[in-house]
Every structure is written in C-alpha cells, then in structure tokens.
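Read the figures in this text as sums done on the coordinates, not as results from a lab. What you see is a predicted model; the values in this text were computed from it and never measured.
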Amino acid sequence: MKNKILWPLVLLLSISTMAQEPKLKSAFNGKNLKGWTVPENNIWWTVENGTLIAKSDPKKVGSILWTDKEYTDFIIETDFRFDAGTVDSGIFIRNDEQQIQIGISGSLKRDMTASPYIAGKGYPIEAQNIKDILKPKDWNTMKVLATAGYYEVWLNNIHVMSYTSDNYVEKGPIGLQLHPNNEMTISFRNIKIADLN
C-alpha cells in the first residue's frame with residue numbers, strides 16, 4: 001500500500017523538478033555569427049562545419065566575441081577544444097573584468113580552466129580536480145551559472161567551482177575570449193544560454 005502512494009509522489013516531484021529546470025537555447029547557429037557582435041575587420045572568428053573557431057592573428061592582438069544580447073542572471077553551456085598553441089581563453093561575465101578561464105593563465109603559466117579571473121584580484125580561488133577531468137586533446141563541456149555575483153562552474157558534468165564576487169556588473173553581454181599576445185586556436189560548438197530573468 002505504501003508503494004502505491006509513494007510512486008505518484010516521486011513522479012510528481014520529478015515532474016516538478018524538470019519543470020523548474022531552466023531551458024538552454026542555442027546561441028550559435030553553426031553557420032555564421034548571427035546573434036554575436038562581430039569585431040571590426042574580423043580576422044579571428046570563423047565558422048566551419050558547425051564549429052566556431054578563434055585563431056590568433058599574426059600580430060597577436062587578440063579579440064572578444066560578445067553576444068548581441070545583454071544578460072543579468074544566466075547559464076551558458078558550451079563545448080570547447082584546444083586546437084593549437086598555448087590556449088588562453090575564457091567566458092566573460094557581463095564585461096571584460098570578470099571571466100571563467102579556459103586554458104593556460106598568462107600570469108600563472110599553468111592551466112586554470114574553470115577558475116574565476118577577477119580583474120585586480122587575479123584568481124581568488126582555483127577550480128577543483130581539473131587535471132583529472134579536463135580532456136586536453138578532445139572536446140570538453142563547460143557550464144557556467146551566473147546569478148548576480150555568484151558563479152558556479154561544471155566541467156564535463158562535474159561541479160568544480162563556486163565563487164561569490166563582491167564587485168560584479170549587474171547586466172551586460174557574455175563574451176568569448178581570444179587572449180592577446182598568444183599564438184593559439186580554440187574551437188567552440190553547441191553554445192547554449194538560458195536567460196534566468
């Protein structure tokens with residue numbers, strides 16, 4: 001008798017949880033840069049076979065690709081792959097002062113993937129167990145939650161970092177970074193964003 005009552009409750013809770021799960025919508029159509037603010041004289045960002053490729057130019061000036069839309073609270077999920085050189089990239093959160101690192105930190109000279117970089121503070125904390133989780137020669141999936149100044153990161157479906165920033169910007173676009181002064185190539189695909197407001 002208990003089981004007959006329990007199962008409908010479990011089912012109801014599962015349906016309720018799924019209904020509350022934010023819906024990620026594609027932010028990259030795999031064909032062109034529609035939905036993104038393309039830098040003037042763009043020589044860094046190209047699209048090939050459903051993949052967004054960021055490649056440094058001969059002068060290594062670097063670039064940021066921003067979403068057209070601005071966000072307050074959001075989730076972004078993307079696949080990324082290190083293709084060539086010393087990859088120093090990241091996901092900018094609402095401005096270019098705060099980001100979640102992807103690849104080698106220029107200042108620390110080691111991989112700080114999934115750790116927050118805060119201008120003026122450097123890396124206040126380091127994401128956990130990245131060496132065991134990151135696939136250096138394959139596709140990886142990163143999910144970033146930004147709610148006000150609270151950031152959480154999952155790498156390949158494993159929670160690796162939580163951090164609260166005390167000087168965050170409330171609203172702004174999301175950016176993908178191609179760091180200056182580096183010779184590198186990084187690819188992105190399956191970029192999805194959930195607007196939580």
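Pairs K31/K171; K23/K121; K31/K109: which exceed 31 Å Cα-Cα? From K31/K171; K23/K121; K31/K109, over 31 Å: K23/K121; K31/K109.
Report summary: the helix-based calculation at 222 nm, which adds -39500 (n - 2.57) for every DSSP H run with n ≥ 4 and divides by the residues of the chain, gives -3500 deg cm²/dmol. Annotation: amide H-H contacts under 5 Å for Y150 (H modelled 1.01 Å from N, sequence separation of 5 or more, or interchain): S165.
Once Rg and the Kirkwood radius are both taken over the C-alpha atoms of region 142-197, their ratio Rg/Rh works out to 0.99.
For region 95-103, putting each phi into the Karplus relation 6.51 cos²θ - 1.76 cosθ + 1.60 with θ = phi - 60° gives couplings of 6, 9, 9, 9, 8, 9, 5, 10, x Hz, in residue order, rounded to whole numbers and with x for Gly and Pro. Between S89, S56, S26, the residue with the greatest mean-square fluctuation in the GNM of the chain (Cα pairs under 10 Å linked by springs) is S26. For K192, the aspartates and glutamates whose Cα comes closer than 12 Å to its Cα, not counting residues fewer than 8 places off in the same chain, are E77, D79.
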